[in-house]
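See structure below.
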Amino acid sequence: MSHERVIEKKEKALFEEVTGNKFTRRSFLKWTSALAGTAIASGLLWDDTLGLFREASAQEKMAGEGKWVYTTCHMCGGSTGIKVHVVDGRVVKIEPNEYNPIGVANISSDYAQYRNLGGRMCAKGNSGMRALYDPDRLKKPMKRIGPKGSGKWKAITWEEALDDVAKNLLRIREKYGPETLFWCTEDASFTDMQADFNLLYGSPNFSMHSNTCDVARKASFKLVMGDDRPLPDFSNTKYALVFGWNLLAATKWAHLPGIWNLGRAKGAKMVYVDPFYNQTAAKADEWIPIRPGTDGAFALAIGHEIVKNKWYDEEFLKNYTVGFKKYAELVKDKTPEWAEKISSVPAETTRRIAKELASTKPATVDVWSGPGHHTNATDGGRAITMLPALLGQYDKPGTMMSRQAMGGKRRAFNVDKPKAPRVDGLGTKYPFAHSSGIYTETRDAMISGKPYQLTAAVFMFQNFVMSVPNTKKNIEALKKLDYMVVLDTMMSETAELADIVIPGSHYLERWEINANWVTFPATAIRQPAVKSVINGMTEQEFILALARKMGLKDKDGKTLPDTYPEYMSDQLKNGPIGKTLDEMLALPGAVFIGGDTNYEKYKKSGFSTPSKKIEFYSEQMEKKGLNPLPDYVEPIYNPTPDFPLYLINYKQAEHTHSRTFNNDWLMEMKADNPLLINSATAARLGLKDGDAIWIESPYAKAKATVQVTERIHPEVVALQHGYGHWGFGKIARGALNKINPWSPAGTNDGQFLAGVSEKTSGMAVHKEIGVRLVKA
Amino acid sequence: MANNPKQMAWLYNEFNCIGCRACEAGCKQEFDLPVGVRRRRVIIKEEGNYPNVKVKYISSACNHCEEPSCMKACPAQAISKEQEFGVVLIDQEKCIGCKRCAAACPYGAPTFNEKKKKMDKCTFCIHRLKVGLEPACVRTCMGYALSNGRLPDVEAGKAFPDPVFKKKVIDTMPGFADPKLTIPSVRFAQTK
């Protein structure tokens, strides 16, 4: 096998230019080791002892050698089960782990039946190695030596980095107060320990990812049926009606395509509602194109038909719901004709779908981020989640299922509650927001200094600049901070604005507990398959060392544990699982399964709402001054005569959020994100495939490439989310794009947005703006 | 009917293919392929007009034909068909990188490896077949769309990943080159 990395011409040229020596591998290595510890630009300096030089080795040549390590994927937050083939301390292959239900099925009986098929993995999971051995990974902590965004950095030692962060966070606490620290993290990674760090530090402003993901869905389901993340049983359903969830592409859990296809193979009808014909539409029996943000109106009209024709489940309504009469009153005039004007869905289609849905059981009705990323998301979502309630379709085989989670129990700390409130209005301005916070509000508070000025921020694997709507405001806000730390595997648009950047770990280098997203209790362990490729600390080790250095402890003198595995073991042992980490690792596939899927749990314990019943009418919303009924409200940022087209974003199976765009295997599949436009609209505007255009919204103007298609509503244009990087690795910046020099990295969709959050759940509004197109 | 009853064949079930490209990436990591070498590809076809549009996916690789046109086109005798599985292989020692095999292949299966200056294509993961494993693309397929088996088994409907997915097995699908050209070792599940 080859242990040599191919050094690019550009790097050789740079070497020769800088040193005046002719390039040989030996001279290059000598040079890089001599320079270690001085200023470096990411990706240009190499230290061969780190192993980054070596090319990956094909499993083809290594079969039968080495060992397999059972762990979980983290190319996205789905944490699909994987096993990793390691030879000579190097990963040569990642394959599915059939002992983990994630990747097989989300219902226990399906898991038992289909486990022998071996589990599944997506394109991202299959490309995990390219992220582990990405030459653009940060290798040393970096301290900024020029102005913010100047790109001038100095490599420092880990010890110096710890000193710097400890000193500054203590300074911030002393000078401005602990509440002025904003801590922002990805949410499938040791959030437990980070939350504890914040408890001990004293900041209430701890936020994590979900706010930019699915908290409107969470609020909708929670308000209506009490579980903030029920899961669909597609495998055993007879009819699925899915609103704006491209579950076959925004896969998240690798079993989703499998259970969808199982349902279809067994004869279910799948209906998919979305302005964009995506993979899920392609694999549905029917696609219903709809105007963005109008799903709630369509759902109310379906409800109207069900109520008018008395197709509802009377027994279920009587025993397990409250407020049906008021709901019936609300939908009385929500006719299919009324909804057609709003949503563009033909009244006849609505009537037919309502009849099919009501007459085919079991039925699954689900909604995710399509309707969920709008200013009317929670109400629209509630109108949708009430449809299965009308028909008694919850918590039965083939319907939406409540989960039975089983995780760990965190250690308790004796600390005072922070004196200051959160800056983002969680629980106050946004009464039904998720604990992940409200990112746009935090950002706006950084700019306005109200209710108080945030002075420092720690970003853990969060590219805040690219992930929060309205890119310009994000940059403006981060520039106001006194001290900013970024922990990430690579430089990013966010890291560019930091004072110090700490190299992060890859998921094959660290520990974690993954309480699984299936309907039965299952918990998996993420464990290191290899030691740190960059010879660095994991984020967990860094934070624990930081806490020690800062002397963080509670009123009883209790501190964070010394190591993260110890912390995990503690939680697992003291929680419902009752096993130590070592005992967990000894289980097949390092996965604990604590029981089977239980059905109709509400018959015993009710639903987890205040009334213990499904709530068509929400008194808790009424108390907070919100409409207790899911009436339809127009989206705020709809198109205008000046900006006449709806712009939405979408996801593809090859990518996660904005973070997988430096992965060459994934970028090879699709190097940029052209703007999708309906052929009729394109013809009207005189646009054709491959044209360069300006996209203009009231908030930004940027170039993109046109892709004409039949797969989108004529009033809508769409950009795939996550492209348009300028501060990430070289592949993300467009190195593989040979087609369109005007936007080589693709176009960032977030810049066009107003940058607001939905009023009930605090969900970041990612899919609601009007734009106009101008030929470039 | 196969000339060689041991001939290994693909079974592609378009009904189940979600176009996710897991198969492409699974192949890339099995062989650690550089950018530019794509042994398996998912082709996306858009048909019809809004709103009556339909998208079809075709996951395509070397079909290890019974009469491989690449083999006939190769001036260096670098391409051979082995007997244990009927796999068509390019001998990297003999290949001169002339690209004639790529031109001759109706499926565009051979691609040029810029780094090695040689032609490169799917080996059916023969190293895995030999130890009883399915090819890397099949192993990871998220929708249970792609499977493999000995050709007689494939034709008899015995190669579906699970009986629940079983459909009638046919020789071709729309958009696929005429199987009479090279007699490819691939069969399709009839969708409707």
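Pulled fully out, how much extra length does the chain show between residue A:355 and residue A:159, if you take 0.36 nm times their separation in residues and subtract their Cα-Cα distance?
Values: separation 196, 0.36 × 196 = 70.56 nm, distance 6.65 nm.
Length gained, residue A:355 through residue A:159: 63.9 nm.
Counting charges near residue A:573 (Lys, Arg +1; Asp, Glu -1) among other residues having Cβ under 14 Å from its Cβ returns a value of 0. Taking a ≥ b ≥ c as the square roots of the eigenvalues of the Cα gyration tensor, an a/c ratio of 1.5 or more together with a/b no larger than b/c marks the stretch A:481-562 as oblate. Where both bridge residues fall in the stretch A:595-738, DSSP classifies roughly 45% of the beta bridges as antiparallel.
Counting 0.36 nm for each residue step from residue A:348 to residue A:61 and taking away their Cα separation leaves a gain of 97.4 nm. The stretch B:120-145: which residues show an accessible-area loss of 20 Å² or more, assembly versus chain alone, 1.4 Å probe? Residues losing area: B:127, B:128, B:139, B:140, B:142, B:144. Solvent-accessible area of the protein assembly as shown (1.4 angstrom probe, protein heavy atoms only): carbon and sulfur portion equals 52 percent. With a 1.4 angstrom probe, the accessible area lost at the B-A interface totals about 4400 Å². Averaged over the residues of peptide A:305-312, the number of Cβ atoms from other protein chains lying within 10 Å of each residue's Cβ is 0. For the pair the stretch A:368-421 / the stretch B:18-65, the C-alpha centres are spaced 36 Å from each other. For the residue pairs A:143/A:701; A:83/B:166; B:72/B:121; A:124/B:45; A:701/A:738; A:252/A:701, the alpha carbons lie more than 25 Å apart in A:143/A:701; A:83/B:166; A:252/A:701. For the pair the stretch A:515-567 and the stretch B:116-192, the centres of their Cα atoms are 44 angstrom apart. For chain B, the solvent-accessible area of protein heavy atoms averages 42 Å² per residue (probe radius 1.4 Å; ligands and nucleic acids excluded). Across the stretch A:430-447, the residues whose backbone nitrogen lies under 19 Å from the label position 7 Å along the beta-carbon direction of residue A:472 are A:440-441, A:443-447. Placing +1 on each Lys and Arg Cβ and -1 on each Asp and Glu Cβ, with no other charges, gives chain A a dipole about its Cα centre of roughly 360 debye. Largest first, the extents of the alpha carbon coordinates of chain A on the three principal axes equal 83, 65, 59 Å.
Would you compute, from DSSP H runs of 4+ residues alone, the mean residue ellipticity of chain A at 222 nm, taking -39500 (n - 2.57) per run and dividing by the full residue count, rounded to the nearest 500?
Working: 28 runs with 237 residues, N = 776.
One gets -8500 deg cm²/dmol as the mean residue ellipticity at 222 nm.
A crude spin-label estimate for the pair residue B:83 and residue A:623, with each label 7 Å from Cα along the Cβ direction, gives 8.1 nm. Residue by residue along A:241-253, Cβ atoms of other protein chains within 10 Å of the local Cβ number 1 on average.
If you take each beta carbon of peptide B:27-39 and count the beta carbons of other chains within 10 angstrom, what is the mean?
On the way: counts 2, 11, 17, 8, 4, 14, 4, 5, 8, 3, 1, 3, 0.
Other-chain Cβ atoms within 10 Å of each residue's Cβ, averaged: 6.
So, R0 is 60 Å and r is the distance between the beta-carbons of residue A:435 and residue B:190; what FRET efficiency does that work out to, to 0.05?
According to the calculation, E is roughly 0.75.
Averaged per residue, what accessible area in Å² does the stretch A:690-771 show with a 1.4 Å probe, protein chains only?
On the way: 2280 Å² over 82 residues.
Per-residue accessible area for the stretch A:690-771 comes out at 28 Å².
Need one word for the stretch B:111-182: rounded, prolate or oblate. Basis is the Cα gyration tensor (sqrt eigenvalues a ≥ b ≥ c); a/c below 1.5 gives rounded, then a/b vs b/c decides. Don't skip to the end; give the middle numbers.
On the way: a/c = 2.09, a/b = 1.39, b/c = 1.50.
It is oblate, given that a/c is not under 1.5 and a/b is not larger than b/c.
The calculated FRET efficiency for residue A:310 paired with residue A:112, based on their beta-carbon distance and R0 = 35 Å, is about 0.35.
So between residue A:604 and residue A:548, what do we pick up on full extension, going 0.36 nm a residue minus the alpha carbon distance?
Full extension of this stretch gives 15.5 nm more.
From the Kirkwood radius over Cα pairs of the stretch B:1-135, Stokes-Einstein at 25 °C and 0.890 mPa s returns a whole-number translational diffusion coefficient of 153 µm²/s.
Going from most exposed to least, what order do A:637, A:430, A:617 have by accessible area with a 1.4 Å probe? Each step should come with its number before you reach the end.
Numbers: A:637 60, A:430 10, A:617 35 Å².
Putting A:637, A:430, A:617 in descending order of accessible area: A:637, A:617, A:430.
The values are calculated or read from the model by the stated rules, or taken from the named source; none is laboratory data. Bear in mind that the values here come from a model prediction, so they are computed numbers and not experimental data. Heads up, the Cβs are rebuilt from the backbone with ideal geometry, glycines too, and the neighbour counts pull from every protein chain shown. All accessible areas refer to the heavy atoms of the entire protein, side chains included, with ligands and DNA or RNA removed. Shrake-Rupley method; radii C 1.70, N 1.55, O 1.52, S 1.80 Å.
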